[in-house]
1. State to the nearest 20 debye the size of the charge dipole of the stretch 7-174 about its Cα centre, where the only charges are +1 on K and R beta carbons and -1 on D and E beta carbons.
2. If Rh is defined by the Kirkwood formula over all Cα pairs and Rg also comes from Cα, what ratio Rg/Rh do you get for the stretch 1-46?
3. Can you tell me the relative contact order of the chain? Whole percent, Cα pairs under 8 Å, sequence separation 6 or more.
4. Only helical DSSP H runs with n ≥ 4 go in: add -39500 (n - 2.57) per run for the chain, normalise by residue count and round the 222 nm mean residue ellipticity to 500 deg cm²/dmol.
5. Identify all lysines with a Cα-Cα distance to LYS165 below 25 Å; exclude those on the same chain that are fewer than 8 residues away in sequence.
6. Under the rule a/c < 1.5 gives rounded, and otherwise a/b versus b/c splits prolate from oblate, where does the stretch 1-104 land using the Cα gyration tensor?
7. Give the Rg/Rh ratio for the stretch 7-174, taking Rg as the radius of gyration of the Cα atoms and Rh as the Kirkwood radius, to two decimals.
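What follows draws every value from the coordinates through simple rules; no lab data is involved. These figures come from a predicted structure and were not determined experimentally. Cβ coordinates were reconstructed from backbone atoms using ideal geometry, including for glycine residues, and neighbour counts include every protein chain displayed.
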Amino acid sequence: MLIKGSRRYNLRHNSECAEQPAFGRMINGQGLGAVSHLRYGICHMSFNGCEVIAVHNALIYLGKPQALKDISFYMERFRVLMGLFGCNAYRLGRALEHYGAAFERSRDAEGAKAFIITFWTKRPFLSSIHTVFCVRTHSGIKVYNRYNNVPNMYICRDVEEIAGKRRPIAVYKLK
């Protein structure tokens, strides 16, 4: 018997979902479409799946696509309070390493072409955190999965527009 919210239960649920996110495509708007019905921890990914989605998008960018359900299954070991608070942002490097991605953990995103950044959405410890995958381009920084209900990537001028004036919680610069 599988316990609801356990790693194996979620893997079975995610594998049996009729609609799956398109393989090899970036995910935006975790509260929309197929990804919103998948589970991570005790919740649906629409609530707490941003870290899993950020790793997924980074792997696609690096040309190492993996099924979202497999990334989620691996990252279940890093969840916080049974996944209620998503994934431990300081463990994202383990997932990147597991899938063969070269990265450097940093305090800021200076000089990085592509990076994953975790930040407070409002006031530290009084709000939630959010994790996104970003790519610098000549027109600005492309931010994937910026908002829960927006199906497109978002372009920001700088990191401050993404994370606010506060220092990010964690930054992983992809190499």
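1. On the way: 24 positive and 12 negative charges, 61 e Å.
Its charge dipole is roughly 300 debye.
2. On the way: Rg = 10.8 Å, Rh = 11.0 Å.
Computed over Cα atoms, the ratio is 0.99.
3. On the way: 359 pairs, mean separation 41.5, N = 175.
Relative contact order for the chain comes out at 24 percent.
4. Working: 6 runs with 46 residues, N = 175.
My calculation for the chain gives -7000 deg cm²/dmol from helical runs alone.
5. Once the sequence-local lysines are set aside, what remains near LYS165 is LYS113, LYS122, LYS142, LYS173.
6. Values: a/c = 1.64, a/b = 1.22, b/c = 1.35.
Verdict is oblate for the stretch 1-104.
7. Numbers: Rg = 14.6 Å, Rh = 15.7 Å.
Radius of gyration relative to Kirkwood radius: 0.93.
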